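As structure tokens, the structure follows; a few thoughts come after it.
Coordinate-derived values only; no laboratory data. Keep in mind that this is a model prediction, so the values were computed, not measured. Quick reminder, even Gly has a Cβ in these numbers, built from the backbone with ideal geometry, and neighbours come from all protein chains shown.
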Amino acid sequence: MKNVILYCLVVLIWGSTWLAIKFQLEDVAPMVSVTYRFSLAAIILIGYCKLKGLSLSFGLKDHFFLLLLGGFLFSINYWLVYISEIYLTSGLVAVIFSSMVFFNAVNGYFLLRSPITFNMILGAITGLIGIALVFRNEIVSFELASDSLYGLALGFISAFLASLGNITAEYSQRRRLPVIQINAIGMAYGALIMLIISFSTGQEFKLPFSTLYVGSLIYLAVLGSIVAFGLYLTLLGRIGSAKAAYAIMLTPLVALIFSTVFESYQWSLSAVFGLAMVLAGNAILLRTKSLLQQSGGKVERVKTGIAGK
């Protein structure tokens with residue numbers, strides 16, 4: 001498969017997953033839908049590992065980091081995203097979530113001792129100003145009880161948690177843990193965490209057999225959580241992380257296009273300029289994060305986190 005086709009598929013799938021989440025919110029509690037999604041994804045991935053003879057054996061210390069991975073990247077942050085989409089259009093949530101790239105830079109500095117550069121600061125400031133412009137109307141009409149601002153806050157918290165998940169994944173890769181297997185076990189832990197929270201809060205486990213719900217669940221679990229990630233890894237191996245990571249930058253744009261068509265999102269001049277600044281900020285940060293950096297006495301390539309949902 002040609003690289004340009006791989007690239008387009010990754011961007012299209014990740015950009016569309018934000019809209020698919022909307023179809024998970026009607027009749028089922030968000031945390032239950034997240035439980036279903038990652039249970040299905042984990043079962044499929046673990047089955048794939050068994051079929052291919054890939055070892056799923058990890059030490060106790062490794063399982064601790066896989067539990068953190070599941071908590072940060074495959075459960076609670078998704079739960080918050082699902083709730084955020086109750087109050088905001090899917091495209092706007094995708095724009096907010098792109099702030100994960102900025103959080104990666106900050107968390108990488110504090111947790112992995114990755115240096116903060118001028119480009120990182122410039123990219124973060126540019127991107128955050130862009131998000132403020134996209135949400136200009138909500139900020140101008142600020143109210144403490146505003147549903148939009150509540151959704152905005154949840155989106156930022158989700159992006160922060162996802163960033164911690166990316167830092168955990170990067171640390172696991174530094175320990176030479178295999179990517180496919182750690183995602184399989186991480187998703188299983190994430191599903192378990194959401195299952196425990198759902199039971200402890202008395203959530204009802206019902207499964208609507210409507211075409212929209214079941215179809216979007218399969219789409220999110222299989223295409224959004226497994227296929228797109230596999231395509232991205234293939235792309236990364238062919239063209240390198242520096243170029244492959246730009247798929248992340250385009251995801252909010254595609255998500256907003258879907259939101260415009262299916263959710264009647266209304267564009268404004270400030271939103272157009274804001275999105276342009278978000279994309280520019282991401283580009284600056286992604287370019288910086290593709291450089292070889294000195295870490296722990298070894299030169300390693302800093303990997304960019306996955307921004308699809």
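Below are the figures for this structure:
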item: J(HN,Hα) series, region 62-69, from Karplus relation 6.51 cos²θ - 1.76 cosθ + 1.60, nearest Hz, glycine and proline x; result: 5, 5, 4, 6, 5, 5, 4, 4
item: Cα centroid separation, region 175-190 to region 202-216 (Å); result: 26
item: Value of Rg/Rh across region 50-191 [Cα atoms, Kirkwood radius]; result: 1.05
item: Cβ crowding within 10 Å averaged over residues, with 119-128, 165-174, 12-21 ranked highest first; result: 12-21, 165-174, 119-128
item: For Tyr265, distant residues with modelled amide H under 5 Å away; result: Thr260
item: Estimated vicinal HN-Hα couplings, Hz - region 262-278 in sequence order (Karplus 6.51, -1.76, 1.60; Gly, Pro = x); result: 9, 10, 6, 4, 9, 7, 10, 4, 5, 5, 5, 5, x, 4, 4, 6, 4
item: Added length on full extension, which subtracts the Cα-Cα distance from 0.36 nm per residue, Leu269 to Ile43; result: 76.9 nm
item: J(HN,Hα) series, region 107-116, from Karplus relation 6.51 cos²θ - 1.76 cosθ + 1.60, nearest Hz, glycine and proline x; result: 5, x, 5, 7, 9, 10, 6, 6, x, 8
item: Extension reserve of the Leu54-Ile157 stretch, reckoned as 0.36 nm per residue once the Cα distance is removed; result: 33.6 nm
item: Normalised contact order of region 36-190, rounded percent, pairs of Cα under 8 Å and 6 or more residues apart; result: 51
